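Below: the structure, in structure tokens.
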Amino acid sequence: MDFLRPASWEEALAAKAEHPTAVPIAGGTDVMVEINFDHRRPEYLLDLNRIGDLTEWEVGEESVRLGASVPYTRIMENLRAELPGLALASHTVASPQIRNRGGVGGNLGTASPAGDAHPALLAAGAEVEAESAARGTRLIPIDEFYTGVKRNALQPDELIRAVHVKKADGPQQYSKVGTRNAMVIAVCAFGLALHPETRTVRTGIGSAAPTPVRAKAAEEFLNAALEEGGFWDNGKIITPSVAKQFADLCSAGCNPIDDVRGTASYRRHAVGVMARRTLTWTWESYRGTRRTIEGAA
Amino acid sequence: MPANGAPTKITQGSQTKGGIGESTLRPDGTLKVTGEFAYSSDMWHEDMLWGQILRSTVAHAEIVSIDISEALAMAGVYAVLTYDDLPTAVKNYGLEIQDTPVLAHGKVRHHGEPVALVAADHPETARRAAAKIKVDYRELPVITDEASATAPDAILVHEGRDDHHSGHVPHPNIVHRQPIVRGNADEAAKRADVIVKGEYTFGMQDQAFLGPESGLAVPEEDGGVHLYVATQWLHSDLKQIAPVLGLPEEKVRMTLAGVGGAFGGREDLSMQIHACLLALRTGKPVKIVYNRFESFFGHVHRHPAKLYYEHGATKDGKLTHMKCKIVLDGGAYASASPAVVGNASSLSVGPYVVDDVDIEAIALYTNNPPCGAMRGFGAVQACFAYEAQMDKLAKQLGMDPVEFRQLNAMEQGTIMPTGQPVDSPAPVAELLRRVKAMPLPPERQWESSEGADVRQLPGGLSNTTHGENVVRGIGIAVGIKNVGFSEGFDDYSTAKVRMEVIGGEPVATVHTAMAEVGQGGVTVHAQIARTELGVTQVTIHPADTQVGSAGSTSASRQTYVTGGAVKNACELVREKVLEIGRRKFGSYHPAWATAELLLEGGKVVTDGGEVLGDLVDVLEDETVEIEAEWRHRPTEAFDLVTGQGNGHVQYSFAAHRAVVEVDTELGLVKVIELACAQDVGKALNPLSVIGQIQGGTTQGLGVAVMEEIIVDPKTAKVRNPSFTDYLIPTILDTPTIPVDVLELADDHAPYGLRGIGEAPTLSSTPAVLAAIRNATGLELNRTPVRPEHLTGTV
């Protein structure tokens, strides 16, 4: 195994172009596990740790440009207001040590359906900034990014430089079920974001389908129900029947499997419960009646 | 000796600092938490090679051929060994039955069985070479449970058995069967007003010690080998290793390397013989270190079990009878299965008085992973089932579950189902009273002015509930564990104690072969030496085979047995020292001849407190050294038909009260508190006692709500051999554990002490399950309980 250590982003792109099979490594919290378990033996490892700007972020007018290697700890500490859903998701990533090393770029690169960041990115709305030496930069909408089990829309010569996440214009929530109270891979996860500016709701489901997915039918149903009842304006409590139908549609949006972490039937059930609860929490926040609830670090 | 049941009073050494009863600190404590401690995996030797084991990828198959040529041809590879390279006629090993091949011969019987060995100059080279060995398997049907094991046409996991259990078992795929019959259960059942039947399932738990199996074998000039290894019993290893190597035991020297936990998982051999074979073949030191994945295949696990119970009781709450059948899955090799069967059957009634019983426990041979010793050893599975039964009975009778248990609780004088009288304190009712009386943690602890603190809720930081559908439940359980090796085993230990003057100070050195696996023996031995010899300076010699056997660090026995051996050796040394004193100074003071003499604070004193002389002057340049074996009172085998016999040395009791919060909609559990009351006889080191109780309690919690090795029933392959999917409790899953310690002396034991390490592992699990049942109203007849069991989504 060769270890490539580019000193700059340009060098990294050149190396990736020359060795398209090279596996990028930043925090190493995923790649090193794969290597240690002998699940993969890449010909080349492409170390991105010398490229400083990957660990930086910029808060813009509309969105946050989040460097691919910004550690989850930084997101929790610094971007809670702008990216509340992703900050909550970051809280659930592994252990403090792993959160100090791992970043969203790794989650996207691996594109595991169990990656903790995905449901939050899907719900908030995001674009992945990918770049190649040959074709330059392109922005891939998050909805088009996940293409299969552990597969994504990147070309072999492309690297993820950053992800552009829309700044929250309303309450966001994130829930994850694991069979332990910390440091656990998701059995399933759910992200929800209210977007009062566009009067829409977006969702993200993790670990309950071959890829991270949005529950589009549930979103469409809820968007219509909120519009029809004038909820965005009158701020009324969402009726239990609407919440239940939304939850049922989220369950229906899953396509889970039975595996060692949980049954398909449980995943469908749990996604429904999380959908209903996160809807309740975000809507109460929107109505201004809810106290702030966040996990402690 | 003190009056029975009273705390032990200490006379000799009571004035000496750092003696028994004090919470002296572990010598390795700071090193371990700062990462400085040298574990077995940290060892290094100049010119060292790395060993790698090739393991079977299938559970049950004939080996058609093995081709090592490609592996052997690799640069950096020094040796590739298979069964054909074993040097002597002894090619199997085992704790009790020598049924485990050093390397597979013609057949593999479980997923991950060792097939070939590689030594190379780099661990990566060794791994790659192992991957190049071509093994052609012809797969066989797998035996995975009682039905497939005892079917008329079942393939025999071991053909041609001739071990000492083979003659009395009903089927060759049953390792051992132990019935216990006392009174007449059928007749007694007629007196019952309620009868409760239950079928229970206990999942396969892993010891999950943090230091994976590892060791270093160094060839020696005399043709022997020196093995540095993390193990639980050096001399047991030695007896199994030497014959396979074709060496006399004195040419296999063993030294204990730093052990990162054991919990029973190091009782069987792992890499010991493999490293020695490679070292002797190559003439170079060979180190083997398992990674976590391999570790899951490299040691035995706790027996998964099916338990079928029937209890009866009169309407005023007295147990009438108990019938049970306990089926333990021993997997492909015997390991400690026979002894686990003995424990499961003899302790299947629990700490209750039941005169009429009909009990049967068996262990199966299957193609599942081999199972053997783990903390609690057969008593854990039984406790899970009989405590569930107690709750069901109390409910049917409309009685309080604690009062019902107290009404039937055993006490000193109770006769066990084996006919053995319980001849030391058995404060079962009192332990239950104490855990019940502890204050309950406040309700709805997650509520604060800031909103919900999700760390206090099921799901924790995963943020799944802010209080919705969270229901509190409370459950209580109690258990009984035997201490020491049972059923007639010669369970002795050896200690060598030396006393001399170094640098103007009297110093004691304690040398035993006891494996320190975290239990605190190194602390306790120094405390005993201080108390018995009245000195402050005590050196603990590294454990090795240059001294006699200390027996196993298991069965909650080391403080009792090796502690007893150290005490005994110290007493002999003390007598010798006093003899020297009398010889030298007897003429100066009549008290040398007439008074009871003690050693205190480096001096010889009378029991009246008069100082007769300094140890420094008594000893001068003399060294007093004594090595002696020490035995607890003997036990007997259980009768193979009736199960009668004085099989156990001592019993240990603990009770738990669990308080849980359950998210009933998502099926997530947060254990808020696990209060424990335990009788320890005498706390030689109170801090270590609390640590053992809290550790055992947490291990019991693990198998209640998360810990399980999942084996595919179709292929008998392990599905979750990693800490990604085999979950153990994190600190956020570990509740507050208030501990109430009783010290009721057992007259038969040194200082009246009671072995403590295992009892808290027993009752913790059923207490948590009872609390979850209390919160959910569900029956829950299996452990661990998963979210799908609580939400009807299995």
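Laid out as a table, the results:
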quantity	calculated
Local net charge near B:Phe638, Cβ-Cβ under 14 Å (Lys/Arg +1, Asp/Glu -1)	-2
Between the range B:30-80 and the range B:230-277, the Cα center-to-center distance that results, in Å	16 Å
Where labels lie 7 Å past Cα in the beta-carbon direction, separation of B:Glu571 and B:Gln412 in nm	2.0 nm
Burial ranking of peptide ranges A:62-74, A:256-268 (average Cβ count within 10 Å, highest at the top)	A:62-74, A:256-268
Mean-position separation - Cα centroids, the range B:91-159 and the range B:654-722, in angstrom	32 Å
Loop-located GluC sites (Glu not before Pro) in the range B:139-205, at most 11 other Cβ atoms within 10 Å (DSSP)	B:Glu159
Compactness of the range B:277-389, expressed as Rg and Dmax over alpha-carbon positions, Å	19.3, 73
Highest-MSF residue in chain A out of A:Gly27, A:Gly102, A:Gly148 [GNM, Cα springs under 10 Å]	A:Gly148
Label-point separation, B:Ile731 to B:Arg191 (7 Å along Cα→Cβ), nm	5.4 nm
Among A:Asp157, A:Asp38, A:Asp143, residue whose mean-square fluctuation peaks in a GNM of chain A (springs only between Cα atoms under 10 Å)	A:Asp38
Two-decimal ratio, the range A:172-287, of alpha-carbon radius of gyration to 2.2 N^0.38 Å	1.05
For the range A:184-191, 3J(HN,Hα) per residue [Karplus equation, 6.51 cos²θ - 1.76 cosθ + 1.60, θ = phi - 60°, Hz, x = Gly/Pro]	9, 6, 4, 6, 6, 8, 8, x
FRET efficiency, 1/(1 + (r/R0)^6) with R0 60 Å, evaluated for B:Thr606 and A:Glu34 via beta carbons	0.25
Residues in the range B:541-578 that a label on B:Leu31 would reach, taking backbone N under 16 Å of a point 7 Å out along Cα→Cβ	B:541-544
Estimated dipole of chain B in Debye, rounded to 20 [Cβ of Lys and Arg +1, of Asp and Glu -1, Cα centre]	980 debye
Using a Förster distance of 25 Å, the FRET efficiency for A:Ile237-A:Asp258 (Cβ separation, nearest 0.05)	0.10
Relative frequency of Cα-Cα separations exceeding 55 Å in the protein assembly as shown, percent	23 percent
Dipole of the protein assembly as shown [Lys/Arg +1, Asp/Glu -1 at C-beta], most positive-end residue of B:Met204, B:Thr414, B:Thr791	B:Thr791
Residues B:Ile53, A:Ile35 arranged by fewest to most Cβ contacts within 10 Å	A:Ile35, B:Ile53
Across A:Lys150/B:Lys134; B:Lys567/B:Lys682; B:Lys395/B:Lys481; B:Lys17/B:Lys682, pairs whose alpha-carbon gap is larger than 20 Å	A:Lys150/B:Lys134; B:Lys395/B:Lys481
Cβ-based charge dipole, chain A, positive-most Cα from A:Ala243, A:Gly28, A:Ser112	A:Ala243
Residue-averaged [θ]222 nm for chain B, counting only DSSP H segments that reach four residues, each worth -39500 (n - 2.57)	-7500 deg cm²/dmol
Coil-residue GluC sites (Glu not before Pro) of the range B:1-55, DSSP, other Cβ within 10 Å capped at 10	B:Glu36, B:Glu46
Per-residue average of Cβ from other chains inside 10 Å of B:453-460	5
Prolate/oblate/rounded call for chain B, Cα gyration tensor, a/c under 1.5 rounded	oblate
Low-density loop positions, GluC sites (Glu not before Pro), the range B:221-319 - DSSP coil, at most 16 other Cβ in 10 Å	B:Glu221
Label point at B:Ala38 placed 7 Å out along Cα→Cβ; residues across the range B:199-230 whose backbone nitrogen lies under 20 Å	B:211-221, B:225-230
Pairwise centroid distance, computed over Cα atoms, of the range B:493-507 with the range A:200-271, Å	73 Å
MRE, 222 nm, helices only [DSSP H, n ≥ 4, -39500 (n - 2.57), over chain A, to nearest 500]	-10000 deg cm²/dmol
Anchor B:Lys584: lysines whose Cα lies under 23 Å away (excluding residues fewer than 8 positions away in-chain)	B:Lys576, B:Lys603
Debye, to nearest 20: dipole size of the protein assembly as shown, +1 on Lys, Arg Cβ, -1 on Asp, Glu Cβ	2060 debye
Computed E for B:Ser587/B:Val616 - FRET, C-beta separation, R0 25 angstrom, nearest 0.05	0.80
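Every read-out reported here was derived from the displayed coordinates using simple, explicitly stated rules and does not represent laboratory data. All values reported here derive from a predicted model rather than from experimental measurement. Every residue, glycine as well, gets a Cβ built from its backbone with ideal geometry; the counts of neighbours run over all protein chains shown.
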